[in-house]
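One structure coming up, written as structure tokens, with questions to follow.
Every number in this text was worked out from the coordinates using simple rules, so none of it is lab data. Just so it is clear, the structure is predicted and the values come from calculations on it, not from any experiment. FYI the Cβ positions are ideal-geometry reconstructions off the backbone, even for glycines, and counts take in every protein chain you see.
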Amino acid sequence: MSPPDTSNGTGEGEAAETGPSVLVNDSAGLRPPGFDSDVTKHIGVQITLITAYSLIIMLGLLGNSLVIYMIIRYRNMRTVTNFFIANLALADLLVDTLCLPFTLVYTLLDEWKFGAVSCHMVFFAQALSVHVSILTLTVIALERYRCIVFHLGRRLTWGSSFLIMALTWILSAVLAAPLGIFREYHIEEFPSINLRIAVCSEKWPNGSSRDGVIYSLSMLLLQYIIPLAVISYAYICIWVKLKNHVSPSSRNDSIKRRKKTTKMLALVVVVFAICWLPFHVFQLASDLDLVLRFKEYKLIYTVFHIVAMCSTFANPLLYGWMNKNYRNGFLMVFRCEDKPESFHPEGSFRTRSMRGMTLNGCNGGHPPTAV
């Protein structure tokens with residue numbers, strides 16, 4: 001995920017088309033010789049960018065690693081929904097490791113320093129991880145919808161859940177393939193100042209940018225608009241169902257559970273939309289050549305990219321930290337303890353699926369506390 005290419009070696013800006021699906025743009029934000037007004041070259045801005053990306057990487061690695069550890073470490077955490085959450089955490093880990101470090105280096109150095117092979121592999125891996133992350137968010141929403149709205153007591157089998165996860169990776173690989181295939185590693189030359197710069201850029205068939213625009217628009221639809229519509233519809237239906245649900249136990253407890261679940265569902269949709277909307281809008285405007293002439297185009301692009309990447313550590317907060325059993329597990333890790341029996345009062349690992357208190361699969365109609 002790097003800033004866009006604004007140089008064609010002749011001193012005139014020409015943007016390389018990029019699919020918003022991956023949040024990757026090709027170039028290092030190269031400027032023609034003599035163009036020295038790039039604000040990202042200021043030391044204060046660079047320190048800020050390094051700090052921001054480093055925090056996102058550290059928080060993402062920590063949060064997602066803890067989520068995966070909890071699910072692997074404790075047998076009773078190995079439920080269908082938790083496996084989907086682990087898949088989401090794995091995808092976000094790939095973004096943190098295969099995307100953000102390369103983006104930061106490319107932004108600061110204005111040159112692709114990683115060779116020809118990585119030019120294809122890195123951008124494919126970045127696209128793959130982002131697609132898997134968003135598809136998994138959609139799968140989780142649909143699974144919650146199936147269980148809660150239709151009161152289906154029969155859970156997905158482990159085999160079915162692993163098959164679904166495998167399909168998300170396969171579909172993501174297909175969607176990401178163009179960003180790995182249609183690339184070119186080449187050297188930009190500026191003879192007047194004897195300068196040669198390595199660039200990794202998109203190269204669509206027939207040398208036309210039209211294919212890139214079509215791909216970008218398609219990915220905007222497939223990666224943002226459709227998933228957000230599906231997730232929103234599913235969680236609105238869940239909210240309505242929980243609102244009208246009458247608990248057979250204490251009414252006060254039921255109201256508290258509804259409020260907590262409604263807050264959780266609202267945050268899922270709002271965070272997803274807020275993190276990704278600015279980048280997608282700006283990327284679409286770039287593809288349509290509406291903002292490429294902005295003086296601070298590269299900085300704006302980078303800021304919106306940072307906002308989008310905040311979703312990689314927000315997901316562990318939403319799907320993990322807001323659940324007491326996950327929170328207790330995280331605290332045990334930091335305290336170097338191993339007391340699974342301390343997972344209460346929302347319900348132990350063994351009983352919570354029956355009481356509908358946590359992130360397990362279908363629960364026979366009782367609403368979970370967090371979804």
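So how do Asp211, Asp96 line up by other beta-carbon neighbours within 10 Å, fewest first?
If I rank by nearby Cβ atoms, fewest first, I get Asp211, Asp96.
Return the FRET efficiency for the residue pair Leu292, Cys237: r is the Cβ-Cβ distance, R0 is 51 Å, and the value is rounded to the nearest 0.05. All intermediate terms of the calculation are to be shown ahead of the outcome.
Numbers: r = 41 Å, r/R0 = 0.81.
According to the calculation, E is roughly 0.80.
What list do you get for Cys237, Cys336, Cys147, Cys119 if you sort them by fewest beta carbons within 10 Å? Don't jump to the answer; show the numbers that get you there.
Numbers: Cys237 16, Cys336 6, Cys147 27, Cys119 21.
By the 10 Å Cβ count, ascending: Cys336, Cys237, Cys119, Cys147.
Rank these for me by crowding, Trp158, Trp239, going from fewest to most other beta carbons within 10 Å.
Least to most surrounded, the residues fall as Trp158, Trp239.
Quick one: net charge around Asn64, please, counting Lys, Arg +1 and Asp, Glu -1 for every other residue with C-beta under 10 Å from its C-beta.
Computed value for this residue: -2.
Rank-order 200-208, 296-304, 185-193 by packing density, defined as the average count of other C-beta atoms within 10 Å over each peptide's residues, highest first. Could you put the intermediate results ahead of the total?
Details: 200-208: 16.2, 296-304: 19.8, 185-193: 12.9.
For the peptides 200-208, 296-304, 185-193, the packing ranking is 296-304, 200-208, 185-193.
Holding the Cα-Cα limit at 21 Å, pick out from Lys41/Lys113; Lys41/Lys295; Lys41/Lys203; Lys113/Lys295 the pairs that are longer than that.
Where the Cα-Cα span goes over 21 Å, the pairs concerned are Lys41/Lys203; Lys113/Lys295.
Please compute the Cα-Cα pair-distance distribution of the stretch 39-355 with 20 Å bins starting at 0, giving whole percents from short to long.
Taking every Cα pair in the stretch 39-355, the percentages come to 27, 54, 17, 1, 0.
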